[in-house]
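No value in this document is a laboratory result; all are computed from the given coordinates. Every value quoted in this text rests on a predicted model; they were computed, and no experiment measured them. Counting neighbours? That spans all protein chains shown, and the Cβs are built from the backbone with ideal geometry, glycine included.
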Amino acid sequence: MFPLYLEKLTPNDLKERSEALYELFVECRICPNECKARRSEGATGKCHSTDEVIISSVGPHFGEEPPLVGSFGSGTIFFTNCNLSCKFCQNYDISQLGRGEKVSIEDLAGAMLKLQQRGCHNINFVTPTHFTAQIVEALIIAVEKGLEIPIVYNCGGYESVETLKLLKDIIDIYMPDIKYSIDENAIKYSGIKNYWEIVTNAVKEMHRQVGDLKISKRGIAQRGLLIRHLVLPNDVAGSKKVFDFVADEISTDSYINIMDQYRPAYNAYKYEKLNRRITASEYKEVVDYASNKGLRRGFEEY
């Protein structure tokens with residue numbers, strides 16, 4: 001199976017998509033924050049970024065979900081900064097404090113090709129939302145030079161459907177977090193409005209484009225939707241409503257990683273409900289609920 005960008009799109013198609021994304025970038029509305037910052041003129045948006053791409057690291061990653069990792073790793077490119085402001089972010093030095101180095105579009109394309117040369121099974125863009133236009137511009141260069149592995153869009157779920165539609169047939173594997181079903185908590189702990197409506201619409205669009213996750217006979221993800229949900233203490237995430245949505249409005253064949261690794265990081269210690277790890281019983285309760293909804297892929301398989 002070829003990546004979608006080779007199977008469905010011509011180089012001219014990719015160029016048109018890149019131009020359309022840059023149109024959204026002029027007064028930035030790439031993401032639902034719609035802060036309208038003139039980032040190409042040096043202003044920083046709510047994501048604390050201008051138009052200059054900043055990367056914190058590039059390399060094979062073996063800590064992702066098994067279908068992404070395979071034998072040779074997921075080819076991760078970690079982008080610096082984020083369109084969310086999570087008080088408990090475990091990568092806060094990258095997402096909130098801005099650790100990273102500026103790279104050119106040509107360097108970004110070169111990083112993709114080097115990951116492919118190292119045998120990685122995919123190119124995994126981590127926190128890509130605020131640099132979507134630049135990513136597609138770099139992809140054009142990489143494709144011209146022989147890139148031919150799937151693209152993973154690894155995001156926080158706070159995505160614009162307008163932007164996602166421009167990524168149709170470019171992204172092979174969408175990997176959104178669904179962080180909350182409770183808007184008040186999304187505002188309090190991540191600084192974002194209308195999260196539930198926005199993330200549900202975004203996930204529906206992602207699934208419309210790529211469907212349920214397809215995995216090869218060798219166990220490698222090829223195309224589809226892979227959802228992540230981090231269980232938070234004191235049900236801050238509203239997990240059961242998340243699983244209701246996935247099972248009832250997306251698919252019971254959805255691949256969903258129900259994550260138990262929450263720990264108080266960054267500014268979490270300032271919030272009583274976040275200032276501890278989750279308990280085994282909290283995790284079991286939400287996993288049992290997901291199972292009872294008919295969900296199984298991603299947390300019962302491994």
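Where Lys and Arg each count +1 and Asp and Glu each count -1, what net charge lies around Glu205 among other residues with Cβ under 9 Å from its Cβ? Neighbour charge sum, excluding Glu205 itself: +3. On a per residue basis, the convex hull of the C-alpha atoms belonging to the chain measures out at 114 Å³.
So what is the relative contact order of segment 4-292, in percent, for Cα pairs below 8 Å that sit 6 or more residues apart?
17
Note on segment 1-110: with charges restricted to the Cβ of Lys and Arg (+1) and Asp and Glu (-1), its dipole about the Cα centre is near 360 debye.
Put in line by how crowded their Cβ is, counting other Cβ atoms within 10 Å and starting with the fewest, Cys35, Cys28 read Cys35, Cys28. Taken over segment 85-138, the percentage of Cα pairs per 5 Å bin, counting from 0 up to the bin with the maximum distance, is 4, 16, 22, 23, 19, 12, 4, 0. Compute the signed sum of charges (Lys and Arg +1, Asp and Glu -1) over the other residues within less than 13 Å, Cβ to Cβ, of His130. The answer is -1.
For Ile227, Ile278, which order do you get if you count the other beta carbons within 10 Å of each Cβ and list the fewest first?
Details: Ile227 27, Ile278 21.
Starting with the residue having the fewest Cβ neighbours, the order is Ile278, Ile227.
Between the alpha-carbon centres of segment 212-284 and segment 129-208 there is a gap of 17 Å.
Which whole-number percent of Cα pairs in segment 157-302 have a distance greater than 21 Å? Looking at segment 157-302, the distances longer than 21 Å represent 44 percent of pairs. Pick out which of Gly73, Gly42, Gly224 has the largest mean-square fluctuation in a Gaussian network model of the chain, springs linking Cα atoms closer than 10 Å. Result for the chain, Cα springs under 10 Å: Gly42 fluctuates most.
Considering only Ala37, Thr279, Cys155, and ranking their Cα positions along the charge dipole of the chain that arises from unit charges at the beta-carbon of Lys, Arg, Asp and Glu, the one farthest toward the positive end is Thr279.
Report the FRET efficiency, 1/(1 + (r/R0)^6), for Glu148 and Glu23, where r is their Cβ-Cβ distance and R0 is 30 Å, rounded to 0.05.
On the way: r = 28 Å, r/R0 = 0.94.
In this case the efficiency is close to 0.60.
Computed on the Cα atoms alone, the convex hull of segment 137-177 gives a volume of 72 cubic angstrom per residue. What does the net charge come to around Gly45 if you take all other residues with beta carbon closer than 14 Å to its beta carbon, with K and R at +1 and D and E at -1? Residues close to Gly45 contribute a combined charge of 0.
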